[in-house]
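Worksheet: the structure to be examined is printed underneath.
What follows draws every value from the coordinates through simple rules; no lab data is involved. As the structure is a prediction and not an experimental result, all values here were calculated from the model. Here the Cβ is made from the backbone with ideal geometry for all residues, glycine too, and neighbour counts use every protein chain on show.
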Amino acid sequence: DNIIKEKSCGALVFTLKFNRPHILLIEQVKGHWSFPKGHIENNETELETAYREVKEETNLDIKIIDGFRVVNTYSPYKGCMKDVVLFVAIPTSFKLQRQIEEVKRLGWFSIKKALSLLTHESDKQILKNAYKFFVDYLSFSLD
């Protein structure tokens, strides 16, 4: 069997609103809610892809925080295995603008709201782990 292998990279982008962590979610034109991400192009590194895809889909510049990298592997269609590599990031610019071709809606959501919006169970689990990581990061960076 020739299995097609695909690889995408993206980020869980957190910010504080009203002193509480919020996460950036996008609703793709196909209708499911997820994190900004996309395919590796040319000879990009995983990090370069994540930076570029977040910028393309949301217009945000981000800073990826060291120490969190998760790979979600699944089959989007028969004969294909896809790896999605996700990092945790914070925004360094704040003007949200969706990529019209790919993104129906986007915004900042409380963690609770995000967990109810996310389409895939695996994304919900990743968000819970990333949220713990982000809260730890905050407590360290405030010292």
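With contacts defined as alpha carbon pairs under 8 Å and 6 or more residues apart, what's the relative contact order of the chain in percent? Let's see the in-between values first.
Values: 266 pairs, mean separation 44.8, N = 143.
Dividing the mean separation by the residue count of the chain yields 31 percent.
Full-extension gain between Leu96 and Lys128, please, as 0.36 nm times their residue separation minus the C-alpha to C-alpha distance. Numbers along the way, then the final one.
Details: separation 32, 0.36 × 32 = 11.52 nm, distance 2.36 nm.
Residue separation times 0.36 nm, minus the Cα-Cα distance, leaves 9.2 nm.
When the dipole is taken about the Cα centre of the chain, and only Lys, Arg (+1) and Asp, Glu (-1) are charged at their Cβ, what size is it in debye, to the nearest 20? Write out the running numbers ahead of the final one.
Details: 21 positive and 19 negative charges, 135 e Å.
Roughly 640 debye, rounded to the nearest 20.
For the chain, give me the percentage of DSSP beta bridges that are antiparallel, rounded to the nearest 5 percent.
Numbers: 25 of 35 bridges.
So the antiparallel bridges in the chain amount to around 70 percent.
Could you work out the longest stretch of the chain that avoids the GluC sites (Glu not before Pro) located in DSSP loops with at most 16 other Cβ atoms within 10 Å? Intermediate values should be presented prior to the final figure.
Numbers: sites that count: Glu41, Glu44, Glu101, Glu102.
Formally, the longest exposed-site-free interval is 45-100.
Multiplying the sequence separation of Lys5 and Asn72 by 0.36 nm and subtracting their Cα-Cα distance, what value in nm do you get? Numbers along the way, then the final one.
Numbers: separation 67, 0.36 × 67 = 24.12 nm, distance 1.31 nm.
Residue separation times 0.36 nm, minus the Cα-Cα distance, leaves 22.8 nm.
Tell me, what is the FRET efficiency for Cys80 and Asn43 to the nearest 0.05, using R0 = 22 angstrom and their Cβ-Cβ distance as r?
0.50
Non-local amide H neighbours of Lys104 (under 5 Å, H modeled in plane, Pro and chain starts lacking H): which ones?
Glu27, Gln28, Val29
Using a Cα distance threshold of under 17 Å, what count of lysine pairs results for the range 1-102 when pairs must be 8 or more residues apart or interchain?
So the count of such lysine pairs works out to 13.
By the gyration tensor of its Cα atoms, with a ≥ b ≥ c the square roots of the eigenvalues, what is the shape of the range 13-143: rounded for a/c under 1.5, prolate for a/b over b/c, or oblate?
Details: a/c = 1.36, a/b = 1.33, b/c = 1.02.
Rounded shape, in that the Cα axes give a/c under 1.5.
Hey, with R₀ at 30 Å, roughly what FRET efficiency would Lys30 and Phe140 work out to, going by the Cβ-Cβ distance, to 0.05?
Details: r = 38 Å, r/R0 = 1.26.
Using R0 = 30 Å, I get an efficiency of 0.20.
Counting only residues 5 or more places away or on other chains, whose amide H sits under 5 Å from the amide H of Ile62 once H atoms are built in the peptide plane?
Hits under the 5 Å cutoff: Thr92.
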